[in-house]
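Structure in structure tokens, see below.
Since every read-out is calculated from the coordinates, none of them should be taken as a lab result. Predicted, not measured: the structure shown is a model, and the values here were computed from it. When we count neighbours, we look across all protein chains shown, and the Cβ atoms used for this are built from the backbone with ideal geometry, even at glycine.
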There are 2 protein chains.
Amino acid sequence: MPEDRPYHHGNLREALLDAAIRLIAKVGPAGFTLREVARRAGVSHNAPYRHFRDKDELLAAVGTQGFRELKQAMLRAAESQTTSLDRLRRSGRAYVSFALRRPEHFTVMFDAPISKAANPEYNEAGQQAFATLVSFIEMCQREGRLPPGDPLPPALVAWSLVHGIAKLAVAGRFPFRSKADVLKFAERAIDGFLPALAHAE
Amino acid sequence: MPEDRPYHHGNLREALLDAAIRLIAKVGPAGFTLREVARRAGVSHNAPYRHFRDKDELLAAVGTQGFRELKQAMLRAAESQTTSLDRLRRSGRAYVSFALRRPEHFTVMFDAPISKAANPEYNEAGQQAFATLVSFIEMCQREGRLPPGDPLPPALVAWSLVHGIAKLAVAGRFPFRSKADVLKFAERAIDGFLPALAHAE
DNA sequence: ACCTGAACACCGTTCAAGT
DNA sequence: ACCTGAACACCGTTCAAGT
């Protein structure tokens, strides 16, 4: 496959995304600057504007990437399971595990002030990730492991729990010493919590 | 009480804190700038350095204020209740209600990159708020409404749930149309969830 | 004590220009 | 098509100076 290589990069867009993630990992999404991203990608400070309308659009692209990876991680974690309840359990664990593995993406996805209206791909990817969780709830309902009815309330409760665990863990608010300990805690929390979903109405 | 009024303000520190919160409410903690805060307080761009070492210390002061108000809100909500389980329930509701009432404080408290080591007051205030939750768990244990043992695991699970609800609500990820609806959802989630705390081990 | 203006090294974004 | 340097209006922070 022949590589068209205009100027510096075969694919500057990807190079910029990579550089952005590495920079966010180093200085956080607050200290993140477009000019430093360009520097790290080896281009001038306004080359990024050929690929992203502004700083927000680059952040939105990072968020979109994150939501797509999160969805895949949830699906993959559920795949190997046989019961609907186990699929739900494992997808919740995968949510927390994703946040620990990609804290920069996770932070951008939920804390960066990204306009959903101005970034439809970002919005769509976020909704798809949530739809994945809803589908696991519906599976449980069809198999009679959760009471029938609107799957939205129990989905929101389940989301809240794993999101809270993920957020607090990433923010360093937990007294656990390793990611493995966080995941063990998450598993226990999810287990104890599945019966409660039945009462979410 | 006689007001010493040096130069522009009787209390520039308070004026700066107020201006900071109003500015964060308007542009978010990302768009927040020290120079604009000074402008809003009617002083020159570096007058703030007389009261705060740098931008981070001003943010830390906002966070500290938030944690103290959160602790008070939890205590006040619990006060009127007679059973330990109701006190726990109401303090959880108060947590979510605080986040909805003071979203700027809540965001700064948990998402701003504030060094705990460099800001001991901030760290202390955060720990005290958490200690308040732990004390409600212990009360339930003493009254036999929760199984005895280390109160930390159930406290962390309870915290995760209300924190997740608060975060997602403030981030606008919920399909609810009013704060009242969010609070109703939070109440139901907490109720369904109290039995699960027993299994947190 | 508390405040100021000038200065420095940065930003995000725009624009005219280069290949 | 993709990239560049200069320019503009901003930052956070420092410093010498004023009352």
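At A:Glu121, with labels set 7 Å past Cα in the Cβ direction, how many nm apart are the copies from this one, shortest first?
Spelled out, the distances from A:Glu121's label point are 4.5 nm.
Report, in degrees rounded to the nearest 10, the 0 to 90 angle that the Cα long axis of helix B:55-79 makes with the longest principal axis of chain B.
40
For B:152-160, what's the mean count of beta carbons from other chains sitting within 10 Å of each residue's beta carbon? Please report the intermediate quantities before stating the final value.
Numbers: counts 1, 4, 2, 0, 10, 10, 2, 5, 17.
Mean inter-chain Cβ contacts per residue within 10 Å come to 6.
Set the Förster radius R0 to 25 Å, insert the Cβ-Cβ distance between B:Ala131 and A:Lys184 as r into 1/(1 + (r/R0)^6), and round the FRET efficiency to 0.05.
0.55
Select the chain B residue whose beta carbon lies nearest to the rotation axis carrying chain B onto chain A, and write the distance in whole Å.
B:Gly164, 1
Here's something else I'd like to know. If you take the square roots of the eigenvalues of the alpha-carbon gyration tensor of region A:63-198 and sort them as a ≥ b ≥ c, do you get rounded (a/c under 1.5), prolate (a/b over b/c) or oblate?
oblate
Same structure, new question: In peptide A:104-117, what is the residue-averaged number of other protein chain Cβ atoms found within 10 Å of each Cβ?
What the average comes to for A:104-117 is 2.
Stretched out fully, how many nm does the piece from A:Leu75 to A:Ala171 gain, at 0.36 nm a residue minus the Cα gap?
Additional length available on full extension: 32.0 nm.
How would you rank A:95-107, B:169-181, B:64-76, highest first, on the average number of other Cβ atoms within 10 Å across their residues?
Values: A:95-107: 21.8, B:169-181: 13.6, B:64-76: 19.7.
Highest to lowest by the protection proxy: A:95-107, B:64-76, B:169-181.
Now a separate question. If R₀ is 30 angstrom, what is the calculated FRET efficiency for the pair B:Arg39 and B:Lys116, using the beta carbon separation as r and rounding to 0.05?
Efficiency computed from Cβ-Cβ geometry: 0.50.
Another question about this same structure. Work out the mean other chain Cβ neighbour count within 10 Å for the residues of B:184-197 and drop it here as an integer.
For peptide B:184-197, the averaged partner shielding equals 5.
In terms of the Cα gyration tensor, with a ≥ b ≥ c the square roots of its eigenvalues, is the protein assembly as shown rounded because a/c is under 1.5, prolate because a/b exceeds b/c, or oblate?
Oblate, since a/c reaches 1.5 and b/c is not below a/b.
Among A:Asp111, B:Asp18, which comes first, then next, by fewest other beta-carbon atoms within 10 Å? The partial results should precede the final answer.
On the way: A:Asp111 21, B:Asp18 14.
Going from sparsest to densest Cβ surroundings: B:Asp18, A:Asp111.
Considering only the label points, 7 Å along Cα→Cβ from Cα, what distances in nm to one decimal separate B:Gly28 from the same position in each other copy, shortest first?
Between copies, matching label points for B:Gly28 lie 1.6 nm apart.
Run the label-point distances for A:Pro148 please: 7 Å along Cα to Cβ, every other copy, nanometres, shortest first.
Those separations, rounded to one decimal, come out as 4.6 nm.
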